[in-house]
1. Test Ser556 against the stated conditions and say whether it is in contact with a helix residue (DSSP H, G or I) (Cβ under 9 Å, 6 or more places away or on another chain), closer than 29 Å to Asp269 by Cα and assigned to a loop (DSSP other than H, G, I, E, B).
2. When the stretch 47-61 is examined, which residues are found to be surrounded by 24 or more Cβ atoms within 10 Å (Cβ to Cβ) and part of a loop (DSSP other than H, G, I, E, B)?
3. When the stretch 177-195 is examined, which residues are found to be under 16 Å from Ala163 (Cβ atoms) and free of Cβ contacts under 8 Å to residues at least 60 places away in the same chain?
4. Could you grab me the full set of residues in the stretch 192-221 that are among the β-branched types (Val, Ile, Thr) and part of a loop (DSSP other than H, G, I, E, B)?
5. Checking Asp337 against (1) at pLDDT below 95; (2) more than 25 Å from the chain's Cα centre (by Cα): exactly one of these is not met. Which one?
6. Residue by residue through the stretch 103-152, note down the ones that are within 26 Å of Phe359 (Cβ to Cβ), of a type in the set (Val, Ile, Thr) and in a loop (DSSP other than H, G, I, E, B).
7. Would you call Ala568 touching a His at 6+ places or on another chain (Cβ under 7 Å), within 25 Å of Leu435 (Cα to Cα) and modelled with pLDDT of 95 or more?
8. Any residue in the stretch 500-514 that is in the same structural domain as Ser462 (by TED's automatic domain parsing) sitting within a Cβ distance under 7 Å of a residue that is buried (at least 19 other Cβ atoms within 10 Å of the Cβ) and assigned to a helix (DSSP H, G or I)? List the pairs, counting only those 6 or more apart or interchain.
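The values are calculated or read from the model by the stated rules, or taken from the named source; none is laboratory data. Worth saying up front: this structure is predicted, and the values here are computed from it rather than measured. Glycine gets a Cβ as well: all are built from the backbone with ideal geometry, and neighbour counts include every protein chain shown.
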Amino acid sequence: MVLETSPRRRSPLPLVMAVVIGLAAIIGIYLVLKPGGKSGGGAGASRGDCVALTVAASSEKSALLTELATGYNSSDRTFGGRCADVKIVSKASGAAMEALAAGWDPARDGGPPPQVWTPAASSWVSLLRQRAASGDRATLVGDAKPASIAQTPLVLAMPKPMAEALGWPGKPLGWSDVLGLTNDPKGWGAVGHPEWGSFRLGKTNPHYSTSGLNATVGSYFAATGRSSDLTAADLADPKVGDFVKGVEAGVVHYGDTTLTFLSNLAAADARGQGMNYISAVAVEEKSVYDYNQGNPTGDPKLAGKGQKPRVPLVAVYPKEGTLVSDNPYVVLATASDEQKAAAEDFLKYLQSPERQRRFTDAAFRSFDGKPGSVLSQANGLLPGQELNALDVPASAVLDKALQTWDSQRKRARVLLVLDVSGSMGDLTSNGKSKLEVAKQAGLRAVDLFAPDDEVGLWTFSSEVRGASTPYTEQVPIGPVAANSGRLKQTINSMAADGGTALYATTRAAQQKLLSAATPDRINAVVLLTDGKNEYNKDSDLNGLLRDLDASNLENSVRVFTIAYGDKADLDTLKRISSSSRAAAYDARNPISIDSVLVNVISNF
């Protein structure tokens, strides 16, 4: 007998399967066709079918731009039916300008060449045009004024009691006040505070740092009394030169980044010595806010997590005028048409009201110069004070200003101390020993000093061949003009042997310079090592740190350390440099030593 099955009793499985298969097909088609590639533009998805766009951004805003680019990439935003995959690469403005001018080398300059460059200020764009013209190279940037994504003016950041002693916030202050206190033999005693000692200025190197460049140009303008049309004739005027040289005389040292000064000040403040380190430092307005929030680095991920300083900084807006870092957004000529379209869309994204609030919440001003609510007197800032914004000089004048500064900057007395222990014979990734790579970099570093800088050379390992000390004076400190040949010959002949007497050598080197330190020079030790202390006769790190403590030394000797190779004790070297109010540098990848030494020598 055959039983007939009712349609209502049939299994629903085939129908369900058909629906599932149909939905899967629809979703698959959507994902294939959706702008952004097979997986669309969602967070964590592959962006392989999007237009790749690399943006080289100045270090003070690269972390924020990275967050904004992540939001852009994970959105469904498109332009002309395409999507873009934006990658932010942090590169100091001066270093990026030099890399672009020389022809970006991925091995040397860190990663593939960018299609968009956003330095901190248009001054760097002007210098790139000048370098391209003088080198008879095709320019990467046009003559049009670039768009801005945010602004922040240069200020002189001062510990609040010091600024108040000069009349802040009611009295206009500026470079002439800096010059007056620097040249006054009574120092801060001239305004009733002899306990603060001499006036000490923190200022970065204008060849590498935007704040240093803007401060240098600002002091030239201050010397002329004008706010525009700085000329080559002005730079050659002896009175202008004397003014700028007088300002530079108060510099404690230079450097590649203002973070060195702000980090050292924060460390001093944490020990209750916030008035003992520095009198003023030329930084951007944003940096004052970040410091006062306990975040000297300005990294948005660290906002609200640090300890606020006991002695806050306040911003002095130079009465003679100041330059504004306009954070230009420059699409380079090497970008393809698709990349140019992607760059234009990312710029629109950055200039949108929502993203501009991210900038103003981070203490930038908007791209059209409007301050946000965090720029307040309570936070050490005076957003209502009218800015006398200086005009960026013509490209040729700006380039000449840097050359002129080289002759007017404060001179240095530096002792180079190089590790020649046995581990320096280990091979690097390029097949050469660490010592050979360091020697080649050292030879080039000698040429970075001015002829009238004073430089000497020690080597160290451990006591070998009957020596009474683990360190050897190879070249006595003397003018580079006279010492250059001997320095290079000695560096060429160095050989690796022995252990690492780090603490004893560091102490002796600083003591050597302290015996000859004078306030008219930057007195410093530059110490390179690839290991940790292996010298049992001196293993007292805490004792060394006390000996190096610069907090009560009017004429301090700073110890700039370089951790070289992956066995170097970077944490200890950081403590050594911090105690002497200097900076530690990371060259644990030995191939990076060339660029690291450039950054180190920029302190002088």
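1. Working: in contact with a helix residue (DSSP H, G or I) (Cβ under 9 Å, 6 or more places away or on another chain): yes; closer than 29 Å to Asp269 by Cα: yes; assigned to a loop (DSSP other than H, G, I, E, B): yes.
For Ser556, the condition - in contact with a helix residue (DSSP H, G or I) (Cβ under 9 Å, 6 or more places away or on another chain), closer than 29 Å to Asp269 by Cα and assigned to a loop (DSSP other than H, G, I, E, B) - is met.
2. Within the stretch 47-61, Ser58 is the sole residue that qualifies.
3. Residues satisfying the conditions are Asp177, Gly180, Gly187, Ala190, Val191, Gly192, His193.
4. From the stretch 192-221, those among the β-branched types (Val, Ile, Thr) are 204, 210, 216-217; that's our starting set.
Listed by number, the list holds a single entry, Thr204.
5. Condition not satisfied by Asp337: (1).
6. Those that are within 26 Å of Phe359 (Cβ to Cβ), of a type in the set (Val, Ile, Thr) and in a loop (DSSP other than H, G, I, E, B): Val141, Ile149.
7. On the way: touching a His at 6+ places or on another chain (Cβ under 7 Å): no; within 25 Å of Leu435 (Cα to Cα): yes; modelled with pLDDT of 95 or more: yes.
Judged against the criteria, Ala568 is not a match.
8. Pairs that qualify, where the first residue is in the same structural domain as Ser462 (by TED's automatic domain parsing) and the partner is buried (at least 19 other Cβ atoms within 10 Å of the Cβ) and assigned to a helix (DSSP H, G or I), are Tyr503/Leu544; Thr506/Leu544; Thr506/Ile576; Arg507/Leu544; Gln510/Leu548.
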